[in-house]
Amino acid sequence: MKKKSTFLMITATLGFAFLYAPIVSLVVYSFNASKLVTVWGGFSTKWYGELLDNDQILDAAFISLKIAVISATLAVVLGTIAGFCLSRFKRFRGRMALSGMVTAPLVMPEVITGLSLLLLFVAMEGLLGWPSGRGTLTVIIAHVTFCMAYVAVIVQSRLSSMDESLEEAAMDLGAKPGSLFFLVTLPLIMPAIVSGWLLSFTLSLDDLVIASFVSGPGNSTLPMVIFSKIRLGVSPEINALATLMIAAIALGVIATVFQMHRLKKNAV
């Protein structure tokens, strides 16, 4: 039994080291005074100042955040409607087609999705004159297309496992369909909706392949800018940017844990 515990501890240690050692190395070298990211030249925070003066990265970060917020919000609205229809309406004409279209982006390679959307936008511009060129709008449409699939699956799963007797009790008490959805169903599935929004925000913010196909000049997202820079070698500014993103994510996780602990303590 002791040998088994030792083996598990060693395995877990090696696994965590494999996952987090590169991140720790990146954070450490973000405070490197040298331009060479693999050669330690002393402690310095000058690259954070250089990062804040880099208009290209700041503009790309603003574009990515704007696209991620809008895409996640639209994806939640459309994905919730799709998930609700698939869960509550078992039989209707076109259900199989809707289910296939919802799940297709989950298994479709991003290269195929990006190329097909690019061809669609080019054809629409030729026939309808809209969208005019590639830019922020086309990136948002593309991100909504694949993000809403994740939201639909999450919401459908939540609705399938929800106790429908709560909705039936509300209808027995005279609740109309609109009031039933907004006052009973929506609060019950709100955790799934929030999870879908956060997942969509992360996927949109992290996307590189699809955005590379459907974006235009002057609308490069942050992953596109980072990828273009590291092709010439990793810059210390990129290490500083990654460190700030890690810090923001860590603070968000810590705040969430404390909030969950506080709610659990108040419930007890």
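Of everything listed in (1) within 27 Å of the chain's Cα centre (by Cα); (2) not in a helix (DSSP H, G or I); (3) not basic (Lys, Arg), the single unmet condition for Phe146 is (2). Can you find, within region 30-53, the residue that is nearest to Ser195 (Cα to Cα) among those that are part of a loop (DSSP other than H, G, I, E, B) and touching a helix residue (DSSP H, G or I) at 6+ places or on another chain (Cβ under 6 Å)? This residue is Ser30. Restricting attention to region 178-208 and to residues that are more than 20 Å from Phe62 (Cβ to Cβ) and among the hydroxyl-bearing types (Ser, Thr, Tyr), the residue that is nearest to the chain's Cα centre (by Cα) turns out to be Ser195. The residue pairs whose first member lies in region 243-268 and is on the phi > 0 side of the Ramachandran plot and in contact (Cβ under 8 Å) with a residue 24 or more places away in the chain, whose second member is part of a helix (DSSP H, G or I) and surrounded by 11 or more Cβ atoms within 10 Å (Cβ to Cβ), and whose beta carbons are closer than 9 Å, counting only pairs six or more residues apart or on different chains, do not exist in this structure. Among the numbered conditions (1) in contact with a Ser or Thr (Cβ under 7 Å, 6 or more places away or on another chain); (2) part of a helix (DSSP H, G or I), the only one that Leu188 does not meet is (1). The residues listed here are Ile67, Ile63, Ile81; of these, the one that is modelled with pLDDT of 90 or more, assigned to a helix (DSSP H, G or I) and surrounded by fewer than 18 Cβ atoms within 10 Å (Cβ to Cβ) is Ile81. All conditions in (1) within 18 Å of Leu58 (Cα to Cα); (2) surrounded by fewer than 20 Cβ atoms within 10 Å (Cβ to Cβ) hold for Ala211, with the sole exception of (2). Residues that are in contact (Cβ under 8 Å) with a residue 12 or more places away in the chain and charged (D, E, K, R) were ranked within region 105-156; the one that is surrounded by the fewest Cβ atoms within 10 Å (Cβ to Cβ) is Glu110. Scanning region 221-268 for residues that are part of a helix (DSSP H, G or I), under 22 Å from the mean Cα position of the chain (by Cα), buried (at least 17 other Cβ atoms within 10 Å of the Cβ) and not aliphatic (A, V, I, L, M) yields Pro223, Asn239, Thr243.
Quick check: is even one residue across region 200-208 in contact (Cβ under 8 Å) with a residue 40 or more places away in the chain, among the small types (Gly, Ala, Ser), part of a helix (DSSP H, G or I) and at negative phi? Among the residues of region 200-208, at least one is in contact (Cβ under 8 Å) with a residue 40 or more places away in the chain, among the small types (Gly, Ala, Ser), part of a helix (DSSP H, G or I) and at negative phi, which makes the answer yes. A count restricted to region 99-126 and to residues that are modelled with pLDDT of 90 or more, more than 15 Å from Val139 (Cα to Cα) and touching a helix residue (DSSP H, G or I) at 6+ places or on another chain (Cβ under 7 Å) stands at 0.
The values are calculated or read from the model by the stated rules, or taken from the named source; none is laboratory data. Please read all numbers here as calculations on a predicted model, not as lab measurements. Note that we place each Cβ from the backbone using ideal geometry, even for glycine, and neighbour counts take in every protein chain shown.
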